[in-house]
Structures are given as structure tokens and as C-alpha cells.
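One structure is given below, encoded as C-alpha cells.
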Amino acid sequence: KAIMHWFKRDLRLYDNRALSMASKLAKMEGIPLICLFVVSPQDYQAHLTSPARVDFELRTLAVMKKDLEELDIPLLVVTQEKRKAIPKFILETCEKWGIKNIFANIEYEVDELRREAGMIQTCLEKDINFTVVHDDVVVAPGQLQTGTGRQYAVYSPWFRSWVSHVHSHSDLLSASEEPGANPGNPRKYLEDIFETPIPLAPENKKLSAEEKKRFEKLWPAGEHEALSRLQKFLDEKVGKYKDNRSIPHGSHTAMLSVHHSAGTLAARTSVRMVRDANSTQRLDGGNPGIMSWISEVAWRDFYKHVLAHWPYVCMSKPFKYEYTNVRWEYNDEQFKAWCKGMTGFPIVDAGMRQLNHMGYMHNRCRMITASFLAKDLLIDWRMGERYFMEHLIDGDFASNNGGWGFSASTGVDPQPYFRIFNPLLQSEKFDPNGDFIRKWVPELDAVEGKAIHDPYGRGAKEIAQKNGYPQPMVVHKDCRERALKRYKDGIGRE
Ligand code: FAD
């Protein structure tokens, strides 16, 4: 007999709600805990998970397997080709090991919610308890409502309500107990699980040897790395976060999104630790850098709340339904140039090349590149959303969809569509010396002064041309007018 914890996007031992419950029950009943993670190539494909992210997860699982083994807890990592086969496989595993209790943390995407609802039903029929709990967010969807009992569709009032809710429910930030030594002589009964190796990445998500080395260096895996990154950020950077967070050059942000998204670090842990570092010991008041960082982590919660309450955003529909009729361009050549970072707009190209190289892009550049695709090129924002997911190591459906909705003005943000980023002004404001551009667009390395933002328009044409840097592919002013008209016509056609 045994208890199961099913790992999904909660790849850690520390402060993990469902794992902690599973381990407590195992201890109480004196029977072993078995941990499971299912690799499903079809599931990765359905979620557009990037190869860098798959590699990050598998590296993390290797760290976890070792940590769990020190507690005599076996971690079984198995491949199941078809996503729909996962529940059946779990139930078979339960039968094999005499498992009567499964624990897992909730994922809020529609398919996952449906899968879990189905599993609860099947488990009931088989007399198995399947417990799913909230863990991925600080405040679970459904907890916050407006004064009239509706769901918030605007961030600022939602955030005020989020802060006040967390202050009045102190348990929300408390850490869960870590699992202890596994009871019930697991080495004797579960030896073949201990000996099962972590599978290799599925064929459709394999990295080349060079990429693997690069990502290992850029993004060391596992929860220990996540916690030390968070600590270092708190010690060295959070104080200046408010002032510096929009500067893409240098390293002014926490670079923790991959950890929040793979669950190597709980958002709850981050908020608790940063609150404890605040002079007020609260989420509001005190250090401006800390408050600003908390509100960014809260955006992550907000987008999960949007996903849970308006699940049609999972089905390629814009949050603002009236934007369904905007007529998009499907210009393959322009889309490819955007993907490669060859648009002739240096700040856009720098951002896209950062993404292609690191599997990560600074938030300001995510907004600039997304706005450029949706507004300047008028290309369907869903193509950009997809490209991001396929390349980001921190790819997270809710945050990515929310970010694209924000940038294309089709999402929850109340800003109207006629607020259109000017890439040149954004570049001058957030990369004033062009350091970020020079780092990622080496063709412009020798360009001096303000010309870096617009080499063809500001007297650096020769350098740009000599080094094969393209001319701007569109004229922003014309694009702006076209976008305004198309958005207006689209909404009008409702
Ligand atoms: P910090 O600035 O240090 O912020 C701390 C944490 O807060 C982050 O680790 C992240 O978990 C969360 N966070 C910060 N900003 C946001 C935000 N705007 N929305 C949601 N959460 C936020 N973030 C993802 O994690 N996955 C994505 O797939 C993703 N796609 C995006 C797509 C677009 C078009 C845009 C505009 C933003 C997207 N973001 C996404 C949000 C944001 O860009 C990243 O979370 C951030 O750049 C991560 O860097 P950091 O860890 O250094 O962040």
C-alpha cells in the first residue's frame, strides 16, 4: 500500500501544498509515498512547450529524484505518448501499488481542469481519493469579487483586493511542511521505481548539443537554484527594482519566471520572502522596490484568475470579444523577419534575438516586440503568442496570453487600442545608450550615439548596410494609421 503525489508544474519539495499533504498522510498511515511525473510528448505539443523548457523540466526532475531519494521517496518519471492516456496510466499505477490516495496541485487551463474533473469521477468509482489543491497562485481564483459580486476584469482594483485578502488570511503565505523520511520500508517494496532512470527528451522536443550546453549554463535547474536566485535578488537588487525594472540592458529583475512557471519556486514563497524583507512586514507600505516587485508577481496571479473565469481565452479567443472581427494580415515574409529579429527596428530585433538565444526576453521588450507585431505589422497576435510559447523557457499560458492581450489591446487591460507603442521612442527611453541593442545586434556595434535607434534614418546607413542589417521593413507612422482604422472597423463590424 502507498500514497501518491503527482507532480506537474510544481517541481519542488519545499513549500508544496499537495506534496506536503501527501507526505503527512503517508506518515500518519505509516505507508510509503510514491511520486510520479508523466512526460507526454503529445501534451508538450498541445501546449507548444519549448524544447528549452522540456530540457529544464527534465534537468529539474533529476535534481528532485536525488533529493527525494535522500528521504527514501521514489520518483517515477515515465513517458506516455498520448495526453489522454495519462489518467488511465495513473489509475493502473495505483492498482499496481495499492494506492488509495492521490494528491496533486491544480492547473487552471481548461484541458487540465477537465482532465482533473474526469479523474475525480473515475477515482470515486474505484474508491480512490483524488485530492487536488490550490498551490500555483497566492490567492485562488474565485476568492476575490467586486463589491457587486462580479469578477474583476481590471488589474488595479483586483490588486488592491488581493493585497487586502492576503493581509486578512495569514495562512495564504505560510510555508507548507516539507516531506520527511518516507515511512513503510520503501526500499524493500519499491526498488524498481528507485532504479527507473529519467527519460530523455521526446524526439519532437530535443535540443542540439550546443543548445543544451547553452541552456544549462543560462538556466541552472531545480529549486535550490531558484531559492538562491531569489535570495540574491532580495539582497542585491530589489531595492532599486522600481527604478530599474524597465531597463532591458543589465540584470535588474529577478529572472525567476522560469522557476515560477515550472514550479521550482512557489509564487507564495517569493511573496512571503519579499514581505519578510520589507521594513513594514507587509505587502503595502515600506520599500518601493519591494512593493513594485510584489505587484509584478501578483500580475501572474491575476492572469490565472482571468484564465479560470474566462476560459474561452484558452480557445484562441480574445478576452475582449468585440475584437474578434479585426482583420489581420498574414504576411509570411514579415512574420519570419520578426521571428528572426530582422525587421530593421533595432530594439525589436534585439528583443527577438534575446528570445531566440536565451529562451527569455525582458518584459519591456516583450511588450515592444508584441506591440510591433500586432499593431505595426497588423499580424494576428495569436501567431506571436504561439511563437513566444514555442521559444520561451518560462512559457506560461496565462501570462503569455495576458501579455499578448495587453500588447494587442485585445485583453483585460482597459487601455484603448489607439495607444500604440512607437518603437523608436521606446528604444530611446528604455535603452538610451543603445547598450541592449549593441549586445544583441552586433551588426550595429560600431554605430555611435542616437543613430543606434534608427541607423538608416540617422546617418549610420553605411555601417548598417555594410554589416547586412536590414532597412526598416515598414514606416511606423503609416502603420499606426492603418492599425487605428483596422481596429475601429473591426469593432464596428461587431
Ligand atoms: P520580474 O520583473 O523580476 O518579476 C517577478 C515575477 O513576477 C516574474 O518572475 C513573473 O513570475 C512575474 N511577472 C512579472 N511580470 C509579469 C507580467 N507582466 N505578467 C505575469 N507575470 C509577471 N511571463 C511568464 O512567466 N511566462 C510567459 O510566457 C510570459 N509571456 C509574456 C508575453 C508578453 C507579450 C508579455 C508582455 C509578458 C509576458 N510575461 C510572461 C511576463 C513577463 O514578461 C515575465 O514574467 C518577466 O519578464 C520575467 O522576468 P523576471 O522573472 O526577471 O521578472
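Each reported figure results from applying straightforward, stated rules to the coordinates on display, with no laboratory input. Predicted model, so just to flag it, every value in this text is computed and none were measured. Here the Cβ positions follow ideal geometry from the backbone for every residue, glycine too, while neighbour counts run over all protein chains shown.
What to note about this one:
- Per-residue Cβ neighbour counts within 10 Å put M352, M255, M4 in the sequence M255, M4, M352, beginning with the fewest.
- Unit charges on C-beta of K, R, D, E only; dipole of the chain, Debye: 980 debye
- Value in Å of the Kirkwood radius, where region 54-197 supplies the Cα pairs that are averaged: 18.5 Å
- Sorted by Cβ density within 10 Å, fewest first, the residues F319, F345: F319, F345
- Considering only alpha-carbon pairs that sit under 8 angstrom and 6 or more positions apart, the relative contact order computed for region 230-354 is 16 percent.
- For the pair region 18-55 and region 430-459, the centres of their Cα atoms are 46 angstrom apart.
- Computed over region 238-301, the alpha-carbon pair-distance distribution with 5 angstrom bins reads 4, 19, 28, 25, 18, 6, 0, each value a whole percent.
- Dipole of the chain, positive end: most advanced residue of N244, T93, S407 [Cβ charges, Cα centre]: S407
- For region 321-492, the Stokes-Einstein estimate of translational diffusion at 4 °C and a viscosity of 1.567 mPa s comes to 80 µm²/s, using the Kirkwood hydrodynamic radius over alpha-carbon pairs.
- Secondary-structure-derived ellipticity at 222 nm for the chain, considering helices only, amounts to -15000 deg cm²/dmol, per-run term -39500 (n - 2.57) for DSSP H runs with n ≥ 4.
- When the Cα convex hull of region 273-320 is projected onto planes of every orientation, the mean area is 4.2 nm².
- Relative contact order, percent, the chain [alpha-carbon distance under 8 Å, six or more residues apart]: 18 percent
- Sites listed here are trypsin sites (Lys or Arg not before Pro) in region 1-108 whose DSSP assignment is loop and whose Cβ has at most 12 other Cβ atoms within 10 Å: K82.
- Here the average projected area of the convex hull drawn through the C-alpha atoms of region 1-135 stands at 7.6 nm².
- Degrees, to the nearest 10: 381-391 long Cα axis against longest axis of the chain: 60 degrees
- Evaluated at q = 0.08, 0.10, 0.13 Å⁻¹: base-10 log I(q)/I(0), Debye formula over Cα of the chain: -0.53, -0.82, -1.32
- Helix axis angle, 51-70 relative to the chain longest principal axis, alpha carbon, degrees: 30 degrees
- For region 110-185, the set of trypsin sites (Lys or Arg not before Pro) satisfying both a DSSP loop assignment and a count of at most 13 other C-beta atoms within 10 Å is given as K126, R150.
- Distance from region 303-371 to region 170-224 (C-alpha centre basis), Å: 31 Å
- Of the GluC sites (Glu not before Pro) found in region 15-120, the ones in coil according to DSSP and having at most 14 other Cβ atoms within 10 Å of their Cβ are E81.
- Relative contact order (%) - criterion: Cα under 8 Å, at least six apart; region: region 105-217: 16 percent
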